[in-house]
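This structure is in structure tokens; I'll ask about it shortly.
The values are calculated or read from the model by the stated rules, or taken from the named source; none is laboratory data. All values reported here derive from a predicted model rather than from experimental measurement. Cβ atoms come from the backbone with ideal geometry, glycine included; neighbour counts cover every protein chain shown. Accessible surface areas use protein heavy atoms only, side chains included; no ligands, DNA or RNA. Shrake-Rupley method; radii C 1.70, N 1.55, O 1.52, S 1.80 Å.
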Amino acid sequence: MFVHIMVCPALLLQSFIWISLMAKGVQYDVTHIVSRMCVVRQSTVLVPCKYTSQYEQVSAAEWLYEKSPEQKVRVSQEPAFEGRVEFVQPDAGNCSLLLRDVRESDAGIFRFVFSTASGRNWTNDQGIRLEVTDAELEVKAESDVVMEGDWILFVCGSCIPSMAVPTYIWSKDGHLHEQHHGNNILVLESVELEDGGRYSCTISGHEGLNSTSAEITVRPGYPPKNVSVSISPSGEIVEGDSVTLSCSSDSNPPALNFSWFKENQSSAVGSGQSFSISSFNSSHSGRYYCEAQNQHGSQRSESVSVSVKGVQRAALQTVTGIVAGCGGLTFIIIIIVFISRKRRRECGTEDVNQKQTADSSDDTYTALDPVSRTSADIYSTIRSGDSRAPDDTYTALQLQSRSSEYETLAGTSADPR
């Protein structure tokens, strides 16, 4: 009957390296070249051991098995090991143990002990911890429901065999998927719909193991990812600016719910894919981030810093507007004054001409109608320093005298007497 023994030649060579223990000047050695071994279930394993006793004959040798600190038994007397263990006779210093048809219940600590004729017992306190693995498949994913874009990690067995470098064979729906030499992990990153199926694993040379399998169903759609924030305007922000933060994400279906948060504040400061601040000032400065959500989940973005870096633009614009307005108003006033003065000059010339014409007409009328002018008028004229006196006054007096004479004569001739 052929027995498959998982033994690495390099490790067997190392089994001849001894760890010396000194006692009363006599050299005794019990050597375990490894402190831990991982063994495939249903396989056969050789637990290596080496001892030496130079001055005294070995009277007894035994392997002890420790399931737990409270449960220690002799391998040779334990029914669970009956027919499955083989002791290498403790001669020539070889104390290895051959264990066939390894079972999960065999996991524990094995320790070799020998006694000399003087009645002393020698062992290696550390012993060898035996772990048993299977082709049991463990699945780890981001969530219980696998969506598009998720990652899945498959682990085949609980440990990697120590005495050999096995090849792990991965199957999907009964067909070869991948082979990993010495690696019991399979990772699927950003899964797609076609990655769904039934997965299983086994170990090369142990294809007869009853491997477990896992059914993977990939549902369409995935929660938001790659969520980011952009700022408009992208350059320097000054007081009074209108600032808009926009949130973008990759999701299926597209994210419809967006929430905006400011660090160090417990509640949201806004909602919607865009968040705007109409008149930005120093109180709005801080770090902002958004959270995008669809029916499959949510994800937040990295925080972005938004702060005031310049003087108040509104005030600057106001001052500029005032200066420009004043300049324009001044220009208009100058134009109006210029036009007004020009019109006044033109109107003044016309008034002078009209006045001269009117004065000339008045003088002529006065000369022609001396009766209308009384002595008081003449006297006022003289006192006012009229340029027409005394010649004009004299003439007027003569005319008035003649007029009086004329009236006297007229009155006389009209009297019936």
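Do we have Ser204 as more than 36 Å from the chain's Cα centre (by Cα), within 30 Å of Val40 (Cα to Cα) and surrounded by 15 or more Cβ atoms within 10 Å (Cβ to Cβ) here?
Spelling it out, it is not the case that Ser204 is more than 36 Å from the chain's Cα centre (by Cα), within 30 Å of Val40 (Cα to Cα) and surrounded by 15 or more Cβ atoms within 10 Å (Cβ to Cβ).
Hey, which of the strands (runs of 3 or more DSSP E) in region 63-159, taking only ones fully inside, have at least 1 residues that are open to solvent by 30 Å² or more (accessible area, probe 1.4 Å)?
Counting at least 1 such residues, we get 71-74, 85-87, 108-116, 121-123, 128-133, 137-141, 152-156.
All but one of (1) touching a Gly at 6+ places or on another chain (Cβ under 9 Å); (2) among the acidic types (Asp, Glu); (3) more than 30 Å from Val269 (Cα to Cα) hold for Asp195, so report the exception by its number.
(1)
Take the residues in region 160-179 that are hydroxyl-bearing (Ser, Thr, Tyr), at pLDDT 85 or above and surrounded by 15 or more Cβ atoms within 10 Å (Cβ to Cβ), then tell me which one is nearest to Ala214 (Cα to Cα). If you could, list the steps in order and put the result at the bottom.
Residues of region 160-179 that are hydroxyl-bearing (Ser, Thr, Tyr), as a first pass: 162, 167-168, 171.
Remaining after also requiring at pLDDT 85 or above: 167-168, 171.
Next cut, surrounded by 15 or more Cβ atoms within 10 Å (Cβ to Cβ) only: 168, 171.
Working: Tyr168: 16, Ser171: 11 Å.
Applying the filter and picking the extreme gives Ser171.
Mind telling me which of the residues Phe114, Phe87, Phe81 ends up being among the aromatic types (Phe, Trp, Tyr), modelled with pLDDT of 90 or more and more than 30 Å from Ser213 (Cβ to Cβ)?
Phe81
Okay, next question. Looking at (1) open to solvent by 60 Å² or more (accessible area, probe 1.4 Å); (2) at pLDDT 70 or above; (3) not small (Gly, Ala, Ser), can you tell me which one Cys326 breaks?
Here Cys326 clears every test but (2).
Considering only residues that are more than 17 Å from His206 (Cα to Cα) and either under 48 Å from the mean Cα position of the chain (by Cα) or among the acidic types (Asp, Glu) (or both), which ones fall in region 33-47?
Ser35, Arg36, Met37
What single numbered condition from (1) closer than 27 Å to Glu302 by Cβ; (2) in contact with a Gly (Cβ under 6 Å, 6 or more places away or on another chain) fails to hold for Asp173?
Unmet condition: (1).
Oh, and also: Among the residues of region 233-243, which ones are loosely packed, with under 14 Cβ neighbours inside 10 Å and at pLDDT 90 or above?
Within region 233-243, just Ser242 meets the criteria.
In region 244-274, how many residues are touching a residue at least 12 places away in the same chain (Cβ under 8 Å), at negative phi, open to solvent by less than 60 Å² (accessible area, probe 1.4 Å) and in a loop (DSSP other than H, G, I, E, B)?
Within region 244-274, residues that are touching a residue at least 12 places away in the same chain (Cβ under 8 Å), at negative phi, open to solvent by less than 60 Å² (accessible area, probe 1.4 Å) and in a loop (DSSP other than H, G, I, E, B) number 3.
Has region 285-297 got any residue that is at pLDDT below 90, open to solvent by 40 Å² or more (accessible area, probe 1.4 Å) and not in a loop (DSSP other than H, G, I, E, B)?
No, there is no match, as no residue in region 285-297 is at pLDDT below 90, open to solvent by 40 Å² or more (accessible area, probe 1.4 Å) and not in a loop (DSSP other than H, G, I, E, B).
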